[in-house]
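Peer 1: Following this message is one structure expressed as structure tokens.
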Amino acid sequence: MLDAICLFVAGALRATLPATEFTVGWNHSVEKTRWEERYRIEGTALRLVEARIRGSGAGMEPAPDATLMHGWWTWRPRDTTLATLRLTLSPYTRDYDICWHARCESLQRIVNASDVVDLRACSRGDHPRATRRNR
């Protein structure tokens, strides 16, 4: 059973998050607007189950079926499943935030690197030394 999110840098496992659901958040590099995507493990893949954005502009338009709730345009993307979610860290933009179980940390802090990070569904038992625990 896949019950964790494994984070890899250059093919090497850097961390395991003990969660089957997580959110990736970032600020758009031009608009400085917050964007968040929530993923859930389904089978062996990561499914994008919700996207939300605090505004629009510069290629950040909400989906046509988005609804405005508490200042966020929110929608459920259709059929977006990924074997790997690839995030690229850059010295020119703010870091990604990764949130799970009501806890958030910067991606750089989790993986201790400034590079491309691949997130994949995995089994917590397969990688016990890389596990990050809730405090």
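Peer 1: Treating only the Cβ of Lys, Arg, Asp and Glu as charged (+1, +1, -1, -1), what charge dipole size does the chain show about its Cα centre? Round to the nearest 20 debye. Walk me through the intermediate numbers first.
Peer 2: Details: 20 positive and 16 negative charges, 90 e Å.
It comes to approximately 440 debye.
Peer 1: May I ask you to evaluate 6.51 cos²θ - 1.76 cosθ + 1.60, the Karplus curve with θ = phi - 60°, for each residue of the stretch 43-54 and list the ³J(HN,Hα) values in order in whole Hz, giving x for glycine and proline?
Peer 2: With the stated coefficients, the stretch 43-54 comes to x, 9, 10, 9, 9, 6, 9, 7, 10, 8, 9, 7 Hz.
Peer 1: While we're looking at this one, here's another question. In sequence order, what are the phi-derived ³J(HN,Hα) couplings for the stretch 12-24 according to the Karplus relation 6.51 cos²θ - 1.76 cosθ + 1.60 with θ = phi - 60°, rounded to whole Hz, with x for glycine and proline?
Peer 2: Calculated HN-Hα couplings, in order: 9, 5, 10, 6, 10, 9, x, 7, 9, 9, 8, 10, 10 Hz.
Peer 1: Still on this structure: Which Cys residues of the chain have no other Cys Cβ less than 4.7 Å away and so no disulfide-compatible partner by this rule?
Peer 2: Among the cysteines of the chain, none has its Cβ 4.7 Å or more from every other.
Peer 1: If you take the Cα atoms of the stretch 4-130, find Rg, then find the Kirkwood Rh from the mean of 1/r over all pairs, what is Rg/Rh?
Peer 2: Working: Rg = 14.7 Å, Rh = 15.2 Å.
In the stretch 4-130, Rg relative to Rh is 0.97.
Read-outs throughout are calculated quantities, based only on the coordinates presented, and are distinct from any laboratory measurement. What you see is a predicted model, and the numbers here were worked out from it, not measured in a lab. Cβ atoms come from the backbone with ideal geometry, glycine included; neighbour counts cover every protein chain shown.
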